[in-house]
Amino acid sequence: MYQLHLGEISVTEFLQEYWQKKPLLIKGGFKGFTDPLSADELAGLAMEEDIESRIVSCINQQWDMHTGPFEDFNQFGEQDWTLLVQAVDHWHPDAAKLVDPFRFIPNWRIDDLMVSFSAPGGGVGPHLDQYDVFIIQGQGKRHWRIGMPDNSLQQICPHPRLLQVTPFTACIDVITEPGDILYIPPGCPHDGISIENSLNYSVGFRAPAQKDLLTGLTDHLIDHDISGVRFSDEGREASTSIGAITDSDLSQVQKLLQQLVSDNAILPSWFGCLITRAKHELDTNEPDPHYGAEEIEEYISEGSVLSRTGGLRCCYYQHTSSTDILLFINGDQITLPATELETAQLLCNFTELTSEQNKHFNQSSERLMLLTSFINQGYWYFTE
């Protein structure tokens, strides 16, 4: 539905020259762009209890923020406010298609699609993020200023729940129009102010911090009752000060931790489960009653198409072509035989499975049972 045009550069050149290095304006990145949803539809999502939303406003130089769900928007007036709705790709299938053109980055790095509506003058103030983002201009126009990382910038809090930065020098200063795309790497200060009623779509990428990785590893060890190797210090010499922790002690502890995170028997499982776990609610609808495998087989034989629930995270890992495949779906791990690489790739690489692709699952009772299980969990659903 949406095709990304990078102008005179290729995807490879973009990754080599811009990704995580410097911002880029992609003028007309989506040619003939049509908004997948309206401002009214976005407002409707912001009224839902399960969907994360907020409104940021700046009236008479006073910043304020309100969190949803919202019942009425009239109180915010005609200008100087922005509605932001997280994980819209989980709830709006047409909007979710905006993520697909950016899947030259692996699935596990993609976070979600945030959509914002801004009245004239609306914005969230100058700030920086610790992750990569593509910002697509929908209806309306917006004035953007983007700078390079600058250690001299200071973070400020004009409101207890808003983090901004001090004034910065812009390397991109532009008014974006429908279909224009901005790529902003981590740590680049940016500020967008709406010129007229406008919609923006932000495709964000996950950048797990060391703290989050270690917390996830700890949870995995606890869940699977893995104690690991205990500290040992054979050959220790007598202490000259029994109250001291020595560099040698710390070195032993460090090696113990490094040995744990270097364990290739643990690493793929805990990381795959961690990184595919949904951060926001999924709009899963389990069929009632559940399908039987024979029903799914019949639907596939009739040429049905399957779509993956928006925001569902799917990845796989295979060490060598002769080893089992670890399939990760929404934080769960399923082990597949080494011969089922095509099965894993179909499930993970495509958000929609065509009638021709679905025939693969009818060729094996095990594949059919696996697919039936996913459909009954609401992870995939028939669209035709």
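The values are calculated or read from the model by the stated rules, or taken from the named source; none is laboratory data. These numbers come from a predicted model, not from an experiment. No Cβ is skipped: glycine too gets one built from the backbone with ideal geometry, and neighbour counts run over all protein chains shown. Protein only, heavy atoms only, side chains kept; ligands, DNA and RNA dropped before computing areas. Shrake-Rupley method; radii C 1.70, N 1.55, O 1.52, S 1.80 Å.
What to note about this one:
- Taken residue by residue, segment 255-264 has at least one member that is open to solvent by less than 80 Å² (accessible area, probe 1.4 Å) and more than 17 Å from Gly216 (Cβ to Cβ).
- Close Cβ contacts (under 9 Å, 6 or more residues apart or on different chains) running from residues in segment 267-293 that are farther than 26 Å from His92 by Cα and open to solvent by 30 Å² or more (accessible area, probe 1.4 Å) to residues that are among the aliphatic types (A, V, I, L, M) and at pLDDT below 95 comprise Leu267/Leu217; Leu267/Val261; Phe271/Leu213; Phe271/Leu217.
- Test: residue in segment 219-228 that is in contact with a strand residue (DSSP E or B) (Cβ under 6 Å, 6 or more places away or on another chain) and among the charged types (D, E, K, R): no
- Output for segment 236-251, where each listed residue is part of a helix (DSSP H, G or I) and surrounded by 10 or more Cβ atoms within 10 Å (Cβ to Cβ): Ser248, Asp249, Leu250, Ser251
- Pairs with Cβ under 8 Å, 6+ apart, first in segment 52-67 and touching a residue at least 60 places away in the same chain (Cβ under 8 Å), second of a type in the set (Phe, Trp, Tyr) and not in a strand (DSSP E or B): Ser57/Phe76
- Some residue of segment 84-94 being more than 19 Å from Pro23 (Cα to Cα) and either surrounded by fewer than 17 Cβ atoms within 10 Å (Cβ to Cβ) or hydroxyl-bearing (Ser, Thr, Tyr) (or both): yes
- Identity of the residue in segment 336-355, open to solvent by 20 Å² or more (accessible area, probe 1.4 Å) and either small (Gly, Ala, Ser) or touching a His at 6+ places or on another chain (Cβ under 9 Å) (or both), that ends up farthest from Gly272 (Cα to Cα): Ser355
- Near pairs, Cβ below 7 angstrom, 6+ apart or cross-chain, from segment 106-130 (closer than 26 Å to Leu37 by Cα and without any contact (Cβ under 8 Å) to a residue 24 or more places away in the chain) to any residue that is surrounded by 20 or more Cβ atoms within 10 Å (Cβ to Cβ) and among the acidic types (Asp, Glu): none
- If only residues of segment 100-115 that are touching a Ser or Thr at 6+ places or on another chain (Cβ under 8 Å) and open to solvent by less than 10 Å² (accessible area, probe 1.4 Å) are counted, the one that is nearest to Leu83 (Cα to Cα) is Val115.
- Inspection of segment 343-360 finds no residue satisfying the criterion of being β-branched (Val, Ile, Thr), within 22 Å of His224 (Cβ to Cβ) and free of Cβ contacts under 8 Å to residues at least 40 places away in the same chain.
- Taking helices (runs of 4 or more DSSP H) as the structural unit, those lying wholly within segment 1-112 and holding at least 1 residues that are among the β-branched types (Val, Ile, Thr) correspond to 11-17.
- Segment 307-361, residues that are within 17 Å of Leu282 (Cα to Cα) and in contact with an Asp or Glu (Cβ under 8 Å, 6 or more places away or on another chain): Ser307, Arg308, Thr309, Gly310, Gly311, Thr351
- Against the list (1) in contact with a helix residue (DSSP H, G or I) (Cβ under 9 Å, 6 or more places away or on another chain); (2) open to solvent by less than 70 Å² (accessible area, probe 1.4 Å), the condition Leu214 fails is (2).
- Of the residues in segment 365-384, not one is among the charged types (D, E, K, R) and touching a strand residue (DSSP E or B) at 6+ places or on another chain (Cβ under 7 Å).
- The residue pairs whose first member lies in segment 25-44 and is closer than 15 Å to Pro93 by Cα and at pLDDT 95 or above, whose second member is of a type in the set (A, V, I, L, M) and surrounded by 14 or more Cβ atoms within 10 Å (Cβ to Cβ), and whose beta carbons are closer than 7 Å, counting only pairs six or more residues apart or on different chains, are Asp35/Leu199; Pro36/Ala95; Pro36/Leu98; Leu37/Ala95; Leu42/Leu83; Leu42/Val85; Leu42/Val115.
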